[in-house]
Structures are given as C-alpha cells and as structure tokens.
Amino acid sequence: MAVLVGGAILSTQIDPTRDIAWQTWAAFVAGLGLYTLGQTQLRRWGPGRRQEEQLGQAIRGLDDRYKLYAFLASSLPDYILVSPAGVHVLVARTDGGQISCLKDRWKASGSRLMSLFGPGLGNPSGDAAKQLQKLRALLSERGFEDVPAGSVIVFTNPKAQLRIEGCSSTVTRIKELKDVLRRMAGKGTNVALTTSRIREIQHVFDERMQAAHSWR
C-alpha cells in the first residue's frame, strides 16, 4: 500500500502537460504485485487463518491410522493427512456464504469492494493442485509412487453453503469432514492402505515433523 501511495504522490509532482514518468508506472506495478503477494500470505498466515486446531478437532474420534501434519516445511503442503485412503492435502478455507465450484471455477457471494481489502476466496482448486504436486514429489522421492494421493478442500466457516459440480478436488464443510474421510477410506478389503503401509508412510512425515521441531 505504501508503494501504491508513493506512486500516486509521485504522479502529482510531474508537469501535467508531460507524459507520466516511468517511475510512476513502475511504482504502480510494484505496488500491485506486492499487494497480491500480501493477500496470498494473509490467507495463509493472517490472524484466524491457520486451521490446524479446527482440522484436528474435526477428525478427533478417528483411529490412529489417521494422522494430521501441519506446516512441516515450506517445500511441503501446509496440511497433510495420512489415512487408510492414502495421503491427502487438506486445503482449508475460512470463507462463508454462498460458494460454488463449477468445473474448477470458483465464485463466492459478497461485495467485490470488500474482496479488494481482504484475502478473498482465491482459487482453491489451483492451490490444491500445486500442493498435491509437492506431496507427490516427496512420495516419489521416498519410493511411495504407488500410494494414492489426492486433495480435500475444507471450508471451516459454519456459514459456508456449497454448490459443487465437476470440481477436481473433494470439497466439504468441516463438520462433514470425518464422514467424508471414512467414505474415502472404504471398508474391509476395499481399504487402499494396510495398517503396516500406513505406519511406513507416517514414519516419513514423523521424521519431517521432528526435523521441523528441532529447527524451531
């Protein structure tokens, strides 16, 4: 915002009969770029935006084959869940109101003016795809290419009303997350991962978690 204001002030200091100086255009472009980056970081790190506590509460009651990892490393997704269904990226959103995903095109109700001053909904499908790519790279590196991997977009705001058609990720509200995970896991011989296989995968992320804690 400071760079944008500086560009506006700079534009008032030039002769109105002359073209706007390139420094002014550079300030506007730099300001918009920094503002966009700031909104992205606010969505991730802003007050009330970190959701590991809510996600942990949502899956409480599931057995120890389900394990949630949060913020292990900058090179990994923020939230990773290891379960009988495989390894999944959890993309958390705090948005409320009417939210729709039609073939990975997202829309949310609300004032466009207000969205300029807040982090906004963004593109959860795009975020999920990028984070899933990071996850699969790690699994491949550790020899787990055959392990099912996917993404789940979770809306933690109880006022969120969802309309989902043709979304590439599983989308749910947090109060239904536990049931969604159970359905994904299947039953009996249809379960994707055995308990021993789950423990092997959890060991990989446990190592990352210990490394993260020792660094902190």
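The values are calculated or read from the model by the stated rules, or taken from the named source; none is laboratory data. Keep in mind that what you see is a predicted model, and the values were worked out from it rather than measured. With ideal geometry, Cβ positions are generated from the backbone for all residues, glycine too; neighbour counts draw on all protein chains shown.
Restricting attention to segment 51-72, does a residue exist that is modelled with pLDDT under 90, within 22 Å of Arg173 (Cβ to Cβ), touching a Ser or Thr at 6+ places or on another chain (Cβ under 9 Å) and surrounded by 15 or more Cβ atoms within 10 Å (Cβ to Cβ)?
yes
If the requirement is being surrounded by 12 or more Cβ atoms within 10 Å (Cβ to Cβ), under 21 Å from Pro77 (Cβ atoms) and either without any contact (Cβ under 8 Å) to a residue 60 or more places away in the chain or not assigned by TED's automatic domain parsing to the domain that holds Val89 (or both), which of these qualifies: Ser140, Ser151, Ser168?
Ser140
Each row is one residue, and each column tells you yes or no for (1) at pLDDT below 95; (2) under 12 Å from Gly86 (Cβ atoms).
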| position | (1), (2) |
| --- | --- |
| Ala149 | no, yes |
| Lys159 | yes, no |
| Leu181 | no, yes |
| Ser196 | no, no |
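Kindly indicate whether Ser214 is at pLDDT 90 or above and in a helix (DSSP H, G or I).
no
Kindly indicate whether Ala108 is at pLDDT below 95, buried (at least 16 other Cβ atoms within 10 Å of the Cβ), more than 30 Å from His203 (Cα to Cα) and in contact with an Asp or Glu (Cβ under 8 Å, 6 or more places away or on another chain).
The answer is yes for Ala108.
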